[in-house]
Structure formats: C-alpha cells, structure tokens
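Note sheet for the following structure.
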Amino acid sequence: MLKKVDSSQLLVGMYIHDLSCDWMTHPFIRQRFLITKDDEIRKIIDAGIHDVVIDSDKGLDVQDAPTLEESNAQLESELVQIAIQPVIVTRVSLGEELRRAAQIRHQASGLVRTVMQDARLGKAIELDQVSPVVESITESILRNPGALTGMLRIKNKDDYTFLHSVSVCTLLVAFCRSRKMDAETTYQAGLGGLLHDTGKALIPDHILNKPGRLTDEEFDIVKKHPRDGYDILLRSPEVGPIPLDITLHHHERRDASGYPDKQGEGSISELAQMAAIVDVYDAITADRCYHKGVSAAEALRKIYEWSKFHFNPVFAQEFMRCVGIYPVGTMVMLESGRLGVVIEPHETNLLAPKVNVFFDTKRNTYVKPQTVDLSKALGFGGGDKIVRPESPQKWNVDAMKFLVID
C-alpha cells in the first residue's frame, strides 16, 4: 500500500516509492529504492524533502499514515476551490496570435543560444539585442497569453536549455501581468527569466546533457550556475537589480533548502519566489532524455503540494490561476470519450475551459472538429466534462493541429 509519510518518520527498511519533490532537487539516482542505511535518510532530509511516499508492501510501514489516495483526495478538494477564481481574458483570438507567437519563439530561442555562446567566450551580454525580444514576448502575452505559452509546451530535447529560458521568460511575464504588476517591473522580470540560466553556459556539455541522473560531484557543478550567471550579468552594467536577483536566487526555497545562499522565506525577493515556481513548473512538464515530463495539471498539483515548504503558497495559487489547471495546448480526455485540445480558459472556472474536440476514442477515429465550451450545458455548446489530461503520444495524434479550426 502506498502511504504519505513525513521524512522524520523514515526508517531503514522502508521502501521509497516517490520522493515528492522535483527531480532537480533530490540527490538520488533512482526515484524508488529501499532505504538500507541512515545516511540515505539524512540525504533526504538535507535535500529539503519533507514528505515522501512509501510502499508498505515492499518495506516497513507507518501504521497511522494516510494512504496516497486519501492524501490526493484532500489535495484535489483544495485545488477545486482554487480553480473557481477569475482569470484574465484575452484581447485577440488564439488563431490571430499563433503565427506571431511562432516567430517570437524562433527568434527568442536563437537569441538565448547566442547569449550562451557569448558567455562561454567571456563576452558581456548585449542588452540592446535582448530587450526587443523581451518586449515582443510581453506584447504577445498582452494580446493572448495562451498562444506563446501553448506553443512553448513543445520542446525539442536538443534545444531544451534555450527553450526553457524562453518559457520561463514568457510564463514570468504572464505571471506578473496576472498579478497586475507595472510594465517596467514586468519587463525587468521577463529579462531575468530569459537570462536566468546564463550560468549554465559554463557547465561542461557532458554534464549539462547527461542522459541520466547526476553524481553528487556533477550536481555540485550544476548548482554553481546561479552564481556564475550572476557574475556574467555583472559584466553588463545596464542589467538591473531584478534580472540579477532572479538569476542568482531562482533556486532558493522558503525552508532555506535551496542554493546558492540557502535563503529562507523572509530573505527571498517576491520576483525570485515567482521565478522559482515558474522555473520548476516548466522543467517538470518538459520531456528530457532521462525524465518524462508530467502534465500541466499534475505539475500544478505538485507545486501546490510543495508550497508547504518550498514555495510561497499564495504565489503558487496565483500561478495556478494564471496558467490554468488545463493550459492552452493541453490535450484532455472528456467524459464522452472524446479527445480535445484546450484553446481558452474560462473567466472564472479553470476546470471548464473551451476545447476543440477532434477524436473519438470509443470508435478510435478522428471526428469533425468542433469547439465545446465546457462551462455550458448540453444543447448550449457544452454538456461534457474533463476526466483527465492525456498524452498525444499515447493516441498518436497531433493535438496542436487543432488549436484553430475552420
């Protein structure tokens, strides 16, 4: 039986089923393993992991611990309450913005690649090249945030490092906008998001692109990238304090288990806390050669759960309302057995977006695409319900083709 337990309850002989943290945080090669020595328990606690999932059928039990099913049921109940909140409406249609978003995605990823190459050569960041890209991303978010954020859900594994920076910039701009921050702060945050991983330019390729878990020594090298990035940005006097702060502190955690400075809740700036959430969200939803990305809905559930210790809980909830439980571009299974792709969040209920339905799983065939508003009743353009997010690979379909239908 799977149970959720506090890390302080761990004993040698227990079987870890899930470390309940993002894969970038924990120091273990495997996610599931039998605890064979006290040193492994100490490493779990030192990594800032506060609760884990154990399998009592494969190791020692904790009698009064809640089952994973009970823990998840409580969590889902809380998430439903968060989901029924206002979200920001769009200014232009998704179809109108998608073409521009594709151009911005290409331009921005190419820029990040250039920035990384220049950093490796010891060159300073040229802000006059970076600023127009951040401005283009911001303008796209203002027109329709779903277009660019939806398009950035698809990442080529070889270009992950560059597209991740573009995604963090885009999501951070959207997050600032949803929190009604002023234009200059939003721009500076976007700049920090685009440049936050510049220090990874100094990580050897065989470590940065390693197809597997890092050793402790390799992980120590990776953990230098916030400080290295900060030092690189300091070479450009025109880079202001907000991008510098985001670059240096996006891996800090409110329980002081992060790096490089082990800052606690009262020391981490508001924007660095926001960047930390965005950074983890994008990382755990992306496919890597050694890590299968989780759905956006699952990522938000995890972030909400981890916010008890690692993230600002208020910011975590606000980010959920910003991107939506089912962000634009998410493929979902409906109660009717049809597959659809989310095209627009509802203004108040994140569980009932508009979707373009295109596939009938009961008949295993494509159907004539149609837009369904899940907030409406049957006969009024709705009458269906999301059961779960689905993987396009599982059904061998390209959901993104149906973001816009004629």
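The values are calculated or read from the model by the stated rules, or taken from the named source; none is laboratory data. Bear in mind the structure is a predicted one, so any value in this text is a computation, not a measurement. Don't worry about glycine lacking a Cβ; one is built from the backbone with ideal geometry, like all the others, and counts go over all protein chains shown.
Among the criteria (1) among the acidic types (Asp, Glu); (2) farther than 27 Å from Gly110 by Cα; (3) at pLDDT 95 or above, the one Glu265 does not fulfil is (3).
Tell me, which residue of the range 367-398 that is among the aliphatic types (A, V, I, L, M) and at pLDDT below 90 is farthest from Ala352 (Cα to Cα)? Among them, the one singled out is Leu378. Going residue by residue through the range 319-341, is there one that turns out to be in the same structural domain as Val168 (by TED's automatic domain parsing), without any contact (Cβ under 8 Å) to a residue 60 or more places away in the chain, buried (at least 16 other Cβ atoms within 10 Å of the Cβ) and under 25 Å from Asp197 (Cα atoms)? No, there is no match, as no residue in the range 319-341 is in the same structural domain as Val168 (by TED's automatic domain parsing), without any contact (Cβ under 8 Å) to a residue 60 or more places away in the chain, buried (at least 16 other Cβ atoms within 10 Å of the Cβ) and under 25 Å from Asp197 (Cα atoms).
Within the range 119-144, restricting attention to residues that are surrounded by 17 or more Cβ atoms within 10 Å (Cβ to Cβ) and touching a residue at least 60 places away in the same chain (Cβ under 8 Å), the residue that is farthest from Thr170 (Cα to Cα) is Ala119. For the criterion of being assigned to a helix (DSSP H, G or I) and more than 25 Å from His291 (Cα to Cα), Thr247 fails. Does Ile242 fit the bill of being over 22 Å from the mean Cα position of the chain (by Cα), of a type outside the set (Phe, Trp, Tyr) and in a helix (DSSP H, G or I)? When the stated conditions are applied, Ile242 does not pass them. In the condition set (1) over 27 Å from Phe309 (Cβ atoms); (2) crowded, with 20+ Cβ neighbours inside 10 Å; (3) within 23 Å of the chain's Cα centre (by Cα), Pro211 is compliant with all but (2). Scanning the range 15-63 for residues that are modelled with pLDDT of 85 or more and among the polar types (S, T, N, Q), we see that the one that is surrounded by the fewest Cβ atoms within 10 Å (Cβ to Cβ) is Gln63. For the range 138-162, a residue qualifies if it is of a type in the set (Asp, Glu) and either under 14 Å from Thr186 (Cβ atoms) or within 17 Å of the chain's Cα centre (by Cα) (or both), and the qualifying residues are Glu139, Asp159. Before we move on, is Arg254 buried (at least 18 other Cβ atoms within 10 Å of the Cβ) and assigned by TED's automatic domain parsing to the domain that holds Ala183? Criteria met by Arg254.
Filtered by the rule that a residue be part of a strand (DSSP E or B) and either in contact with a Leu (Cβ under 6 Å, 6 or more places away or on another chain) or small (Gly, Ala, Ser) (or both), the range 347-366 gives a lone residue, Phe359. Looking at Leu214, Leu202, Leu194, just one residue is out of contact with any Pro (no Cβ under 6 Å at 6 or more places or on another chain), among the hydrophobic types (A, V, I, L, M, F, W, C) and closer than 20 Å to Gly110 by Cβ, and that residue is Leu194. Of the residues in the range 279-287, at least one is in a loop (DSSP other than H, G, I, E, B) and within 30 Å of Leu214 (Cα to Cα). Residue pairs whose Cβ atoms lie under 9 Å apart, separated by 6 or more positions or on different chains, with the first residue in the range 231-246 and polar (S, T, N, Q) and the second part of a helix (DSSP H, G or I), are Ser236/Leu127. When His196, His310, His249, His291 are checked against the criterion of being under 30 Å from Leu350 (Cβ atoms), in contact with a His (Cβ under 6 Å, 6 or more places away or on another chain) and either crowded, with 16+ Cβ neighbours inside 10 Å or not hydrophobic (A, V, I, L, M, F, W, C) (or both), a single residue qualifies: His196. Against the test of being outside any helix (DSSP H, G or I) and farther than 30 Å from Cys176 by Cα, the options Pro327, Pro369 yield a single qualifying residue, Pro369. Evaluation of Ala316 against the conditions (1) surrounded by fewer than 21 Cβ atoms within 10 Å (Cβ to Cβ); (2) assigned by TED's automatic domain parsing to the domain that holds Gly264 shows that the sole unmet condition is (1). Of the set (1) crowded, with 20+ Cβ neighbours inside 10 Å; (2) more than 12 Å from the chain's Cα centre (by Cα), all apply to Leu300 but (2). Looking at Ile242, Ile232 in this structure, which one is surrounded by 20 or more Cβ atoms within 10 Å (Cβ to Cβ), at pLDDT 95 or above, farther than 16 Å from Asp118 by Cβ and of a type in the set (A, V, I, L, M)? The unique qualifying residue is Ile242.
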